[in-house]
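Since the structure comes first, as structure tokens, the remarks are kept for the end.
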Amino acid sequence: MSVTAANNRYSKPTEPHKSWKKINEERKALKRQRKQDKALKDLKRAQELAATLVNEAANEKEAVKTNPSTISIAVPGSILENAQSAELRAYVAGQIARAACIFRVNEVIVFDDVGVATARETKRSYEQDDADNNGNEAAKGTSTVRSSSLQLARILQYLECPQYLRKYFFPLHKDLKYSGLLNPLDTPHHLRQQSKFRYREGVVCDKQAKDGHSYANVGLLNDVLIDKALEPGVRVTVKMEPPSETSRKQRGTLVSPDEPRRETGVYWGYQVRIAHSLSEIFTKSPYAGGYDVTMGTSDRGTSVQNVPNQSVGYNHALIVFGGLQGLEEALANDEKLTVDDPQLLFDHYINVLPKQGSRTIRTEEALLIALAALQEKLLPHQADVECDLSDLLPRSEDTGVPMARDVLVSKKKKKRNEVNTEPNEVQPAKAAKLNPTPAAPMHPNPFNDRRRSDVESESTSMEADFEVVPAVTGRAAVIEQNDHLSRFD
């Protein structure tokens, strides 16, 4: 191979000569193209992210469960005035609270059925929240209400509050003097310390936390760090987060008080509202659109047996109970209502016990009877979610602290068992096992088929085997051997 051919083989093809100006222009054009491609990619990525967020929001909106249907009851505060003592007044309020929890009532309304004109001397002032139906906060106002109504509402709120939060919200008051005698509600949101339910009721503590956070006491050993900064002393519902491996602090998220029941189907207590008259029961409803089904209870109403089962569909049902004089007296004392017949105020005017044996039924008794009779008549539009939470919620037999069976045994019995089972005690050897024989009766049973001769023969054999000692002599001998009687304990 010649040298010229070899040079042509390894030489690069010659390109036309470019000036530096043209080279720089090509480089700038290439850089602009790269910037445009990058901007298009960023824009496409941002659009995809926005579309993803919109889809997630739409899915979350679809996934959010609607609140289950609610039941509200309205009771007059004047029923406490019929009680003979302060203890009985408190006990009547406790019965109403127990009935509301047993039948999963969401709202208890205490209304004044006597009227302002006839009860000015028994009025007391209290602070109320002038919040509208949309939940917008407003300034607190001062109003007056009948003393019995205020006492009933205070006891109802006290019993609904979990035990570990009562000292924060209920100072010493004469209305709560006998609240310790009342039966506890033992509702699911009254959690024990060792309960592992995901939701808990708490109060914001006056404890320094990082910006945008607060500490809340939810009934555990340590306070929980929540995700919002709130003023101390506010009652909150906290959703507990799983414990983190990197942090020792227990964290939680603030949620609505309706979320525990909406997500898990667990009854989460009731709200208490005070109404100054019968008309305020309907006009100041906390639900948007008010109550869609209203019921009045009276002995002049239609028999509850005539109402078909599951024929009354409701989303927010209201059941109103009368006082000593019934709903007719409450209607007559209301100046804002112009109708004369209370049946015109309700969708259903029902007699829950047509054939009653007593002339009168007390309101706390009518509450249990009516809610039990209407269980099969009502049909909620949104039923509660059914979840098996028996392992997470405390049961009726739980006392709050797990105790072994040995702790429940009395000290004397436990000591006696230890003495009887000493390991160093040596049992004497028995030569022969004696067959236990029953003692002869002092007087033979005339209804027994056995003859008296058989009984006498058995007693003779017993005297041959054992020495019979008179009772008086044996007791005297024992006393002589043991001068002090402490050994008989």
(request) Under 7 Å between Cβ atoms, at least 6 apart or on separate chains: pull out the pairs that start in the stretch 327-353 with a residue that is not assigned by TED's automatic domain parsing to the domain that holds Gly77 and among the hydrophobic types (A, V, I, L, M, F, W, C) and end on any residue that is assigned to a helix (DSSP H, G or I) and crowded, with 19+ Cβ neighbours inside 10 Å. (result) none
(request) Return the residue satisfying two criteria in turn: it lies in the stretch 284-331 and is polar (S, T, N, Q) and in a helix (DSSP H, G or I), and of such residues it is farthest from Ile369 (Cα to Cα). (result) Asn306
(message) With the requirement that a residue be β-branched (Val, Ile, Thr) and out of contact with any helix residue (DSSP H, G or I) (no Cβ under 7 Å at 6 or more places or on another chain), what does the stretch 368-385 give you?
(response) Ile369
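The values are calculated or read from the model by the stated rules, or taken from the named source; none is laboratory data. If you're wondering where the values come from, they're calculated on a predicted model, not measured in any experiment. Glycine gets a Cβ as well: all are built from the backbone with ideal geometry, and neighbour counts include every protein chain shown.
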